[in-house]
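The values are calculated or read from the model by the stated rules, or taken from the named source; none is laboratory data. Source: prediction; values computed, not measured. Every residue, glycine as well, gets a Cβ built from its backbone with ideal geometry; the counts of neighbours run over all protein chains shown.
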Amino acid sequence: MKSLKINLLFLATLATLSSQSSFAALDLYTHANGATVVNINKADANGLSHNMYQKFNVPTQGMVINNSTTDLIRESGNLSHNSNLDGPASLILNEIISKNPSYLNGYIEVAGQKADVIIANPNGISCSGCGFINTGRATLTTGTPTFSDGALTGFKVAQGSIAVSGDGLKGADYTDLLAQQINIRGQVETSQLNAIAGSYDYDIASGLVTAADNSVRYANSIDVSALGGVTAGIIQLQTTEAGAGVNNNGILNAVGLSITSDGALINNGTVESGFINAKTRSGIINNGQLSSHQTVLQTAGSFTNNGTIKATDSIDIISDGSVFNSSHGQIDAAGDIGIIAQAGNIDNAGKITSGKDLTMLTGFGLVGEEVKAKFNTSLLNSGSMQANNISLLAVNEINLLSGGDVTAQGAAYISAAKVSNDAALIGQSASVAAKEVRNSGVMQTTGLLSVEGKNGIYNTGSMEAGTLALITDEKISNSSCVWWVFCTKGTMKADKITITAPKIASLRELDGNYTTQTLELNKPVAPSEPGTSL
């Protein structure tokens, strides 16, 4: 049922391009229920209905895109068929070619056969209370459509912003936001969100993004405010301009979250997802909360955690620069935790807890096809580390500062050019290997404690184990004196202590306190029996 039929001009919010367009003038009218009805153009052989506008706005009463070849009986009001159509369209492109931005304040419904809907406006699109009904994929873009042999192939994005605010956006099965800048200040709800910001060419068939301009436009190309958020099955966020990042102050809730940014990722809000996979060029800063089953955070810059990162399975943090977990930072996984800082230091002042294995590497990188020492970097710990098994490796120095306790329910392995311990290193077994080992804290194991310092072992603290093995090419110092008067003696206590130190000729040269049932010095290894082999 039609009322107030208008041709070429919809007085409220919608106007078509003038007759100079090669496309047919759209048949537009206001339905009795107040909704705008658009009788779209005939679909081509590819199922594309291409419709061009000078203005494209959606009022709060909504818009009906008529894709039906038959009359429809509807609760919201009957709808006559679209006489422009020979058959329903599968893709409906709404292109705005004036300088007018679009304001979407209501729902867009495809009447008739379900179809994908595209709104392309380079001047910008604002959505508050917008949404899509009977739509497979909804695309909002500030890009210009590109064609090949008459078929829509993608979009060239070079300007414009998309803003979601107020009552937010309720999307289709799939929702694409393609613009130079994306601001989310309301709630976005969809099955899958694909948001790409920057200057780029977008290929529809493959989803491939080719950056077209790496000049910096916005510090945060994708910005989610404290009032904004996204709830979706899958969330994909991507920025393409150099230095332009992703900033989240809201709530992102998904089964899976993927973030790719040529700038930085800054999270001040809450992210809850089955998996989180983020890759950036300019750093990652977490001041909020990341909760997942599995999390992988990778950056070519530095990584800083001032918030909470939790996983029911594993957490991997990979930085080409440095990694800093502040005193407010918590990294907690029921499974493994892996932390790698290639060219910068690792500094933990917070709490790191793993239900399985904790591995931390700094200074190592690929040399050819092998992982080798590459940068002279260190690992500092003034916080706490707890895991089943713990491996800490640094090219330069590992320094366990006072209060920086390392506790392994199983084995602990620590290796660097220099290892200094002023904290508590506790495990079922532990191995410390360096050119120089200095202990003024506590090293304690129920099983084997192996301490190897090629250029010396210096102990003014406590080493206690089931079996204590000390290995050095130099001497072992188990005490320290100032002006030969004020002396601090170290303690070494074990059921068995073995010392391999060629420069120590006899037990009399040992200083400090040794408490053991068996003390062996430079005991030769028994030769293999004839006929045996290793």
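With respect to the conditions (1) surrounded by fewer than 24 Cβ atoms within 10 Å (Cβ to Cβ); (2) modelled with pLDDT of 95 or more; (3) more than 20 Å from ILE125 (Cβ to Cβ), GLY168 falls short on a single one, namely (3).
Any chance region 119-139 includes a residue that's of a type in the set (A, V, I, L, M), at pLDDT 95 or above, in contact with a Pro (Cβ under 8 Å, 6 or more places away or on another chain) and part of a strand (DSSP E or B)? Break it down into steps so the answer makes sense when it comes.
First, pick out the residues of region 119-139 that are of a type in the set (A, V, I, L, M): 119-120, 125, 133, 138.
Adding the requirement that they be at pLDDT 95 or above leaves 119-120, 125, 133, 138.
Add one more test, that the residue is in contact with a Pro (Cβ under 8 Å, 6 or more places away or on another chain), and what stays is 120, 125.
Filter once more, keeping what is part of a strand (DSSP E or B): 120, 125.
Yes, because at least one residue in region 119-139 is of a type in the set (A, V, I, L, M), at pLDDT 95 or above, in contact with a Pro (Cβ under 8 Å, 6 or more places away or on another chain) and part of a strand (DSSP E or B).
Within region 217-228, the presence of at least one residue that is of a type in the set (A, V, I, L, M), touching a residue at least 24 places away in the same chain (Cβ under 8 Å) and buried (at least 24 other Cβ atoms within 10 Å of the Cβ) is confirmed.
Within region 174-208, being β-branched (Val, Ile, Thr) and more than 19 Å from the chain's Cα centre (by Cα) holds for THR175, VAL188, THR190, ILE204.
Residue pairs whose Cβ atoms lie under 7 Å apart, separated by 6 or more positions or on different chains, with the first residue in region 255-280 and closer than 26 Å to SER199 by Cα and the second surrounded by fewer than 22 Cβ atoms within 10 Å (Cβ to Cβ) and among the hydroxyl-bearing types (Ser, Thr, Tyr), are GLY263/SER282; ALA264/SER282; ASN277/SER258; LYS279/THR260.
Quick grid of which residues meet (1) part of a strand (DSSP E or B); (2) surrounded by fewer than 19 Cβ atoms within 10 Å (Cβ to Cβ); (3) touching a Cys at 6+ places or on another chain (Cβ under 9 Å); (4) modelled with pLDDT under 90:
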residue	(1), (2), (3), (4)
THR60	no, yes, no, no
ASN66	yes, no, no, no
ALA89	no, no, no, no
ILE92	yes, no, no, no
LYS99	no, yes, no, no
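Considering only residues in region 335-359 that are among the β-branched types (Val, Ile, Thr) and surrounded by fewer than 20 Cβ atoms within 10 Å (Cβ to Cβ), the one that is farthest from SER382 (Cα to Cα) turns out to be THR359. Residue under question is LEU104, and the condition is that it be surrounded by 15 or more Cβ atoms within 10 Å (Cβ to Cβ) and under 23 Å from GLY160 (Cα atoms); does it hold? Judged against the criteria, LEU104 is a match. Regarding region 405-428, can at least one residue be identified that is surrounded by fewer than 17 Cβ atoms within 10 Å (Cβ to Cβ) and of a type in the set (D, E, K, R)? Within region 405-428 (the criterion being surrounded by fewer than 17 Cβ atoms within 10 Å (Cβ to Cβ) and of a type in the set (D, E, K, R)), the answer is no, since none of the residues qualifies.
Do the conditions hold for ASP357, that is, is it closer than 26 Å to SER462 by Cα and of a type in the set (Asp, Glu)? Criteria met by ASP357. For region 46-71, residues that are out of contact with any Ser or Thr (no Cβ under 8 Å at 6 or more places or on another chain) and among the hydrophobic types (A, V, I, L, M, F, W, C) total 1.
Okay, residues lined up against (1) of a type outside the set (D, E, K, R); (2) farther than 27 Å from LEU48 by Cα; (3) out of contact with any helix residue (DSSP H, G or I) (no Cβ under 8 Å at 6 or more places or on another chain); (4) surrounded by fewer than 19 Cβ atoms within 10 Å (Cβ to Cβ):
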position	(1), (2), (3), (4)
PHE147	yes, no, yes, yes
GLN159	yes, no, yes, yes
ASP173	no, no, yes, yes
LEU177	yes, no, yes, no
ARG185	no, yes, yes, no
GLN192	yes, no, yes, no
SER199	yes, no, yes, no
GLY233	yes, yes, yes, yes
GLY250	yes, yes, yes, no
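Remark: pairs (first residue in region 392-415, on the phi > 0 side of the Ramachandran plot; second residue not hydroxyl-bearing (Ser, Thr, Tyr); Cβ separation under 7 Å; 6+ apart in sequence or on different chains) = GLY403/ALA423. Annotation note: of LYS489, LYS475, LYS496, LYS454, the sole residue that is touching a helix residue (DSSP H, G or I) at 6+ places or on another chain (Cβ under 9 Å), at negative phi and surrounded by fewer than 18 Cβ atoms within 10 Å (Cβ to Cβ) is LYS475. Contact map, region 423-444: residues that are charged (D, E, K, R) paired with residues that are crowded, with 19+ Cβ neighbours inside 10 Å and in a strand (DSSP E or B), Cβ distance under 7 Å, separation 6+ or inter-chain. Pairs shown: LYS435/GLY453; GLU436/GLY453; ARG438/SER420; ARG438/TYR458.
State whether one or more residues within region 153-163 are out of contact with any strand residue (DSSP E or B) (no Cβ under 6 Å at 6 or more places or on another chain) and not acidic (Asp, Glu). Within region 153-163 (the criterion being out of contact with any strand residue (DSSP E or B) (no Cβ under 6 Å at 6 or more places or on another chain) and not acidic (Asp, Glu)), the answer is yes, since at least one residue qualifies.
Of all the residues that make up region 116-135, how many are in contact (Cβ under 8 Å) with a residue 60 or more places away in the chain and surrounded by fewer than 24 Cβ atoms within 10 Å (Cβ to Cβ)? Residues that pass the stated criteria total 1. Residues in region 401-424 that are assigned to a strand (DSSP E or B) and farther than 17 Å from LEU449 by Cα: 1 in all.
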